[in-house]
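Worksheet: the structure to be examined is printed underneath.
The values are calculated or read from the model by the stated rules, or taken from the named source; none is laboratory data. Everything numeric in this text was worked out from a predicted model, so none of it was measured. Neighbour counts are summed over all protein chains in view; Cβ atoms, including those assigned to glycine, are modelled from backbone coordinates with ideal geometry.
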Amino acid sequence: MSQAKLFFMPTRIVHGLGSIAAVVTQARAAGGTKACVCTDAGLTSAGVTARVTDLLNEAEFPYVLFDQVEEDPGVRTVAAGVDVFKAEGCDLVIALGGGSPMCAGKGIALVAANGGVLTDYEGFNKAAKAPYPVIAVPTTAGSGTEVSKVTILTDEARSFKMSILDERTYPTVAILDGGLMESLPAWPALVAGMDALAHALDAVWSVGATDFSDGLAAASAATILQSLPKAALTGHLGAKQRMLEASTMANMATGTSLPGLAHVLSQPLGRLHLSHGLATGIMLPYAMEFNLPVASAKIAPVARLLGEQGDDAELAESVLFRLWDLMDAVGFPTTLDPAVVTDDEIPLLVEQCTKVVNYRLNVRNASPADLERLYRKALAKE
Ligand SMILES: [Fe+2]
């Protein structure tokens, strides 16, 4: 029987403070002659878009600005972006922003190359042709979509966040420049950062973990535990750069191993209008506590990277303590709000967890009774 596993991540990563200066070189190397700069109006008014368009202007690299991407964009925005892309004769997308503009940019490149509408590509490998090249430039450290084959966009007609999974939708290039996070406020930086930490740790305790994903995930988790407060709450650019790179590494890990229990528990909470990063961050320590009895040897390397010594059980527990301390230090909620997650909701939340695609991927099987107990713990912080 074959034991073959796969690690595949074709995105070229350019990283470091000031690395946005490489955008024109990378656009030309990707074969682009005219870019559609896909972003949101907030980044344009904050001056972040100009950090890219100034470089394009200087190099006389043709582009059109499409900065109409809203929060949770979907079919309509992608169709509008495709119209602009085609009318202007573009052959490259520069997707600048958090998860929303980056996923919209990936969607535009896909639909512009293949025709039809976004919903035609929902699911696995539906596109006949490769998308136009995409240069992804994250301005938050969390979504990881700059190195992901997954594109998440909303179908407004169904009020449904759909997933497009295709190995050809990995961005061609990711440019990781923490300097672009200079004006990011603390709260979105914290929410994104906790999601990134959950990507790293959910990769560690996934049954799909391999030595490749483990190495990336442990290094990412250790860096985030150290860097998140400084990166989110101060103007320290070095810490922002470390967070950005750690977030990308976390998604390289979880993209191969697929995420475990924290993401399973958080997914149904979206229905109650908790943002993904907030829900995942709150559930993360409870997921870790549940996994400690079977996963201490997998979690311990995170503590070793932070210079701690001890046996696996002690070290894994110390990672949990560090997580609680981090959440307290930055003022991130550690409990679910009982006014939002009421008692009546719990049976449905549990049922929805069991239908999440990665439900069976957690290293310790969580029964419906376990899931209920975890939600109740998160409500009461028992
Ligand atoms: Fe996530």
Condition (residue is small (Gly, Ala, Ser), within 23 Å of the chain's Cα centre (by Cα) and more than 23 Å from Leu233 (Cβ to Cβ)) applied to the range 272-293: is it met by at least one residue? yes
Any pair with Cβ under 9 angstrom, 6 or more apart, that starts in the range 320-343 at a residue that is within 23 Å of Asn291 (Cβ to Cβ) and ends at one that is of a type in the set (Phe, Trp, Tyr): Leu326/Phe332; Thr334/Trp324; Leu336/Tyr375; Val341/Tyr375
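Each row is one residue, and each column tells you yes or no for (1) within 12 Å of the ligand (Cβ to nearest atom); (2) at pLDDT 95 or above; (3) out of contact with any Cys (no Cβ under 8 Å at 6 or more places or on another chain); (4) not assigned by TED's automatic domain parsing to the domain that holds Ser213.
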| site | (1), (2), (3), (4) |
| --- | --- |
| Gln241 | no, yes, yes, no |
| Ser247 | yes, yes, yes, no |
| Ser257 | no, no, yes, no |
| His276 | yes, no, yes, no |
| Gly281 | yes, yes, yes, no |
| Ala287 | no, yes, yes, no |
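Any idea which of Ala127, Ala203 is free of Cβ contacts under 8 Å to residues at least 60 places away in the same chain, within 16 Å of the ligand (Cβ to nearest atom), farther than 16 Å from Gly97 by Cβ and of a type in the set (A, V, I, L, M)?
Details: Ala127 fails: within 16 Å of the ligand (Cβ to nearest atom).
Among Ala127, Ala203, only Ala203 is free of Cβ contacts under 8 Å to residues at least 60 places away in the same chain, within 16 Å of the ligand (Cβ to nearest atom), farther than 16 Å from Gly97 by Cβ and of a type in the set (A, V, I, L, M).
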For the range 28-63: of the residues being touching a Pro at 6+ places or on another chain (Cβ under 8 Å) and among the small types (Gly, Ala, Ser), which is nearest to Met181 (Cα to Cα)? Ala35
Quick count over the range 156-177, residues being hydroxyl-bearing (Ser, Thr, Tyr), buried (at least 23 other Cβ atoms within 10 Å of the Cβ) and not in a loop (DSSP other than H, G, I, E, B), is 1
Only one of these conditions is not met by Leu261: (1) within 11 Å of the ligand (Cβ to nearest atom); (2) in contact with a strand residue (DSSP E or B) (Cβ under 9 Å, 6 or more places away or on another chain). Which number is it? (1)
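Condition (residue is within 12 Å of the ligand (Cβ to nearest atom), under 21 Å from Glu146 (Cβ atoms), assigned to a helix (DSSP H, G or I) and modelled with pLDDT under 95) applied to the range 178-191: is it met by at least one residue? Break it down stepwise before answering.
Step one: of the range 178-191, the residues within 12 Å of the ligand (Cβ to nearest atom) are 191.
Subsequent filtering for residues that are under 21 Å from Glu146 (Cβ atoms) retains 191.
When the remaining residues are screened for being assigned to a helix (DSSP H, G or I), the result is 191.
When the remaining residues are screened for being modelled with pLDDT under 95, the result is none.
No; the residues of the range 178-191 include none that is within 12 Å of the ligand (Cβ to nearest atom), under 21 Å from Glu146 (Cβ atoms), assigned to a helix (DSSP H, G or I) and modelled with pLDDT under 95.
Restricting attention to the range 362-371, does a residue exist that is surrounded by 14 or more Cβ atoms within 10 Å (Cβ to Cβ) and more than 26 Å from the chain's Cα centre (by Cα)?
Step one: list which residues in the range 362-371 are surrounded by 14 or more Cβ atoms within 10 Å (Cβ to Cβ), which gives 362-364, 366, 370-371.
Filter once more, keeping what is more than 26 Å from the chain's Cα centre (by Cα): 370.
Among the residues of the range 362-371, at least one is surrounded by 14 or more Cβ atoms within 10 Å (Cβ to Cβ) and more than 26 Å from the chain's Cα centre (by Cα), which makes the answer yes.
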Across the range 206-259, which residue is farthest from Pro301 (Cα to Cα) among those that are touching a residue at least 24 places away in the same chain (Cβ under 8 Å) and among the acidic types (Asp, Glu)? Glu245
Output for the range 126-148, where each listed residue is in a loop (DSSP other than H, G, I, E, B) and touching a Lys or Arg at 6+ places or on another chain (Cβ under 8 Å): Ala127, Ala130, Pro131, Ala141
So for the range 285-304 (the condition being touching a helix residue (DSSP H, G or I) at 6+ places or on another chain (Cβ under 9 Å) and free of Cβ contacts under 8 Å to residues at least 12 places away in the same chain), does at least one residue qualify? yes
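Quick check on this structure: which one of Gly107, Gly142, Gly97 is under 25 Å from Ala279 (Cβ atoms) and within 16 Å of the ligand (Cβ to nearest atom)? So that I can check it myself, show each step before the final result.
Numbers: Gly107 fails: within 16 Å of the ligand (Cβ to nearest atom); Gly97 fails: within 16 Å of the ligand (Cβ to nearest atom).
Unique residue meeting the criteria: Gly142.
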Leu306 passes all but one of (1) within 14 Å of the ligand (Cβ to nearest atom); (2) modelled with pLDDT of 95 or more; which number fails? (1)
